[in-house]
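Trainee: Once you've had a glance at the structure underneath, I'll fire off some questions.
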Amino acid sequence: MHCRNCGKECADQAIMCVSCGCPPHAGAKFCQNCGGDSDPIADICIKCGVRLTKGAPADAKSKLAAGLLGIFLGGLGVHRFYLGFIGMGIIQILVTIITFGFGAIWGLIEGILLLTGSMDKDAKGDLLKD
């Protein structure tokens, strides 16, 4: 495996590149398979044909925190605010008020989806960390 930030070779289970200090999957400059240059928006390496990984950035939101917020405070849209979906959070508050609390089921379901990995991105499109 190669670091996606600096292109140097890393151990397969590495959580940090010893050359640059970044998480190996956090970058987007190099292919994790061959170490060749890659376009940051590319999905497939043009040198070796492998699908490029898109790891969670260092400042990524927690999937566990978002899921628990959804389960316990989902009716108030707190998990949506946490993930950066401000408009959707406001809509969830309004639905919960209009339905006399029954709209909270929406947040509960989303909390479960967050914990199971079905919802895995924040408002910026970044992956949630485990």
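Trainee: How high is the FRET efficiency from residue 94 to residue 72, r the C-beta distance, R0 25 Å, rounded to 0.05? Intermediate results must be reported in sequence, preceding the final value.
Mentor: Details: r = 19 Å, r/R0 = 0.77.
Approximately 0.80, to the nearest 0.05.
Trainee: Hey, another quick one. For segment 1-55, take the alpha-carbon Rg, divide it by the Kirkwood Rh, and send me Rg/Rh.
Mentor: 0.92
Trainee: Counting helices only, and only those DSSP H runs with n ≥ 4, report the 222 nm mean residue ellipticity of the chain as the sum of -39,500 (n - 2.57) divided by its residues, in deg cm²/dmol to the nearest 500.
Mentor: Result for the chain: -10000 deg cm²/dmol, rounded to the nearest 500.
Trainee: Follow-up. Report ³J(HN,Hα) in whole Hz for each residue of segment 35-47, in order, from the Karplus equation J = 6.51 cos²θ - 1.76 cosθ + 1.60 where θ = phi - 60°; Gly and Pro get x.
Mentor: Rounded to whole hertz, the list is x, x, 4, 9, 6, x, 9, 6, 9, 10, 5, 7, 8.
Trainee: If the rule is a partner Cβ under 4.7 Å, which cysteines in the chain fail it?
Mentor: Taking the Cβ cut-off of 4.7 Å, the unpaired cysteines of the chain are 10, 22.
Trainee: What is the set of long-range amide H partners of residue 27 at a cut-off below 5 Å, with H atoms built 1.01 Å from backbone N?
Mentor: Close amide H contacts, sequence-distant or interchain: 4, 5.
Trainee: Counting only C-alpha contacts under 8 Å and six or more residues apart, can you give the relative contact order of the chain as a whole percent?
Mentor: 20
Trainee: Counting C-alpha atoms alone, how compact is segment 24-130: give Rg to one decimal and Dmax as a whole number, in angstrom.
Mentor: Looking at segment 24-130, its Cα Rg and Dmax stand at 17.4, 57 Å.
Trainee: Evaluate the charge dipole of the chain about its Cα centre and quote only its size in Debye, nearest 20, assuming +1 on the Cβ of each Lys and Arg and -1 on the Cβ of each Asp and Glu.
Mentor: My answer is approximately 60 debye.
Trainee: Using a ≥ b ≥ c from the Cα gyration tensor of segment 63-116 (square roots of the eigenvalues), is it rounded, prolate or oblate, where a/c under 1.5 gives rounded and otherwise the larger of a/b and b/c decides, a/b for prolate? Numbers along the way, then the final one.
Mentor: Working: a/c = 2.52, a/b = 1.41, b/c = 1.78.
Cα axes put segment 63-116 in the oblate bin.
Trainee: Provide the packing ranking of 26-32, 102-108, i.e. peptides ordered by the mean count of other C-beta atoms within 10 Å per residue, highest first.
Mentor: So the order, starting with the most tightly packed, is 26-32, 102-108.
The numbers here are math on the coordinates, done by the rules we state, and not lab data. Because the structure is predicted, anything quoted here is derived from the model rather than measured. Every residue, glycine as well, gets a Cβ built from its backbone with ideal geometry; the counts of neighbours run over all protein chains shown.
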